[in-house]
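The values are calculated or read from the model by the stated rules, or taken from the named source; none is laboratory data. Just so we're clear, the structure is a prediction, and the values are computed from it rather than from any experiment. When we count neighbours, we look across all protein chains shown, and the Cβ atoms used for this are built from the backbone with ideal geometry, even at glycine.
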Amino acid sequence: MIIVQQKHLDKILEMTKDYKRLLIIGCDGCASVVKVGGERQAKVLKSLLELRRKTKGDGPAAVKAISILRQCDKEISADALKSSIANYDGVVCLGCGVGVQTLAEICEPTPVVPGTDTKFLGMHDTKEDKFYEMCKACGDCLLFETGGICPITRCAKSLLNGPCGGQAKGKCEVGGWTNDCAWILIYNRLKERGRLDLFTKFRAPRDFRVSEHPRETSIDVDEEKGKDSNDQ
């Protein structure tokens with residue numbers, strides 16, 4: 001999932017100080033799971049902005065909070081906002097950076113400001129209630145060769161051919177020896193599987209053309225529906 005972190009309230013106030021009618025839009029997708037940008041957090045932010053208005057008089061005069069199933073889905077967002085966006089002169093988006101840009105296109109000319117900072121693509125460990133960065137979306141996945149452990153993301157130096165000299169007792173020098181060395185994890189995983197041949201395989205330098213920005217892809221919806229019908 002995409003991990004986001006809410007911006008400081010003072011920063012949000014600064015960005016929205018000129019908007020008298022403000023709409024706060026949460027996202028029921030990733031931002032809700034990380035408990036930063038869902039419907040509940042949108043309503044809390046609404047209350048805080050209203051309180052600021054009452055105490056210091058420098059907040060928006062009218063604030064409404066809603067949430068959308070998935071802000072990154074252009075059609076869902078457009079359907080949710082088309083009948084009401086004209087009632088506001090500013091929007092705060094609590095989704096990820098994709099959500100901000102999607103809403104900015106839909107809400108034009110109404111300005112959309114980010115209420116969060118997008119941090120990384122990560123895994124949620126519910127037992128520890130922590131989120132760990134796992135993927136860079138590099139466009140050239142080699143997880144089969146590395147035992148399901150991504151060296152691009154989990155190695156601090158994104159090395160492709162084993163650990164550097166900066167590891168000791170399985171820990172990485174980057175971060176003060178607190179993080180596991182990704183390549184030691186990969187070695188142990190592949191050893192358990194009897195596939196150390198993949199560990200010693202030489203990998204050429206990455207072809208960064210596969211991750212040139214901006215990227216795009218497409219899905220043939222009609223074709224997928226046909227497959228589903230045939231499966232039945």
Within region 173-204, how many residues are in contact (Cβ under 8 Å) with a residue 40 or more places away in the chain and either of a type in the set (Phe, Trp, Tyr) or farther than 16 Å from Leu143 by Cα (or both)? 1
Pairing a residue in region 62-82 that is touching a residue at least 12 places away in the same chain (Cβ under 8 Å) and in the same structural domain as Arg21 (by TED's automatic domain parsing) with any residue that is assigned to a loop (DSSP other than H, G, I, E, B) and charged (D, E, K, R), where Cβ atoms lie under 8 Å and the two sit 6 or more apart in sequence or on different chains, gives Ala62/Lys20; Ser67/Asp28; Ile68/Asp28; Leu69/Asp28; Arg70/Asp28; Ser77/Arg70
Please verify whether Gly99 is at pLDDT 95 or above, assigned to a loop (DSSP other than H, G, I, E, B) and not hydrophobic (A, V, I, L, M, F, W, C), treating the condition exactly as stated. no
Looking at region 177-199, which of its residues are within 17 Å of Cys155 (Cα to Cα) and part of a loop (DSSP other than H, G, I, E, B)? Trp177, Thr178, Asn179, Cys181
Residue hits (region 17-75; more than 21 Å from Ala104 (Cα to Cα), over 28 Å from the mean Cα position of the chain (by Cα) and of a type in the set (Lys, Arg)) are Arg52, Arg53, Lys54, Lys56
Here the residues within region 35-44 that are part of a loop (DSSP other than H, G, I, E, B) and surrounded by fewer than 22 Cβ atoms within 10 Å (Cβ to Cβ) are Lys35, Gly38
I'd like the full set of residues that are surrounded by fewer than 17 Cβ atoms within 10 Å (Cβ to Cβ), small (Gly, Ala, Ser) and in a strand (DSSP E or B), limited to region 45-82. Ala62
